Amino acid sequence: MRLDSKQTAMLLVDVQERLFVHIHNHEQIEKHLLVLLQGLKTLEIPILCNQQYTKGLGQTISSVHSLLGKMTIYEKCTFSCYQNSEVTEALEALHVKCMIVAGVESHVCVLQSVCDLLDAGFEVIVCADAMGSRKEYDHNIALRRMEQEGASLATTESLLFELLQSAHHPQFKEISALVKTL
């Protein structure tokens with residue numbers, strides 16, 4: 001499986017104020033998320049941002065929210081983003097076959113979203129350095145489970161360069177400069 005920018009979208013899971021500060025290594029995860037999101041925006045990859053029970057967990061963290069601009073944020077109470085009918089409809093309208101997934105928490109909402117996406121027939125690539133859990137152990141076990149279920153693991157840098165496919169891509173210099181900040 002190779003990423004094709006015309007067939008790919010991203011699912012951003014629950015990167016919210018009251019939860020994110022408790023995520024293990026959250027400063028590094030935030031750095032990777034911002035590079036990933038900026039790179040995907042540069043490449044015009046659709047991003048579906050989700051929030052779990054906003055009343056309790058707050059808004060998407062400010063650095064991510066400002067980068068996303070006026071993008072629709074999908075409110076959910078189910079752990080899996082894919083069990084939200086608005087997200088399912090948005091994905092169907094995009095006509096993509098591959099999903100990049102990142103966010104928190106790896107072992108709950110990310111894992112359940114990944115499993116549902118796989119069940120629905122999507123190819124799923126999990127951006128391992130742009131996601132996490134409160135406990136490192138939970139994150140590591142979740143990555144193993146997602147891989148066993150059929151998801152592929154990747155890093156921010158590898159995903160962005162795979163979407164470029166070549167140094168001749170018009171956005172190569174911009175993406176290259178972004179990944180140098182990691």
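For the reader, a short list of remarks on this structure follows.
- Residue within segment 70-77 that is open to solvent by 40 Å² or more (accessible area, probe 1.4 Å), under 23 Å from residue 18 (Cα atoms) and in a helix (DSSP H, G or I) present: no
- Conditions (1) assigned to a strand (DSSP E or B); (2) closer than 29 Å to residue 167 by Cβ; (3) free of Cβ contacts under 8 Å to residues at least 60 places away in the same chain: number failed by residue 51: (2)
- Test: residue in segment 13-22 that is part of a strand (DSSP E or B), within 28 Å of residue 97 (Cα to Cα) and among the hydrophobic types (A, V, I, L, M, F, W, C): yes
- For segment 3-12, the set of residues classified as buried (at least 21 other Cβ atoms within 10 Å of the Cβ) and either part of a loop (DSSP other than H, G, I, E, B) or at pLDDT below 95 (or both) consists of 3 only.
- Residue, nearest to residue 132 (Cα to Cα), within segment 88-108, restricted to residues that are open to solvent by less than 10 Å² (accessible area, probe 1.4 Å) and either assigned to a helix (DSSP H, G or I) or touching a Lys or Arg at 6+ places or on another chain (Cβ under 7 Å) (or both): 106
- Matching residues in segment 144-182 - criterion: being assigned to a helix (DSSP H, G or I), touching a helix residue (DSSP H, G or I) at 6+ places or on another chain (Cβ under 9 Å) and of a type in the set (S, T, N, Q): 156, 176
- Checked against the criterion of being small (Gly, Ala, Ser), under 19 Å from residue 3 (Cβ atoms) and surrounded by fewer than 15 Cβ atoms within 10 Å (Cβ to Cβ), segment 127-137 contains not a single residue that satisfies it.
The values are calculated or read from the model by the stated rules, or taken from the named source; none is laboratory data. Predicted, not measured: the structure shown is a model, and the values here were computed from it. Cβ: placed from backbone, ideal geometry, glycine included. Neighbour counts: every protein chain shown. SASA here: full protein model, heavy atoms, side chains in, ligands and nucleic acids out. Shrake-Rupley method; radii C 1.70, N 1.55, O 1.52, S 1.80 Å.
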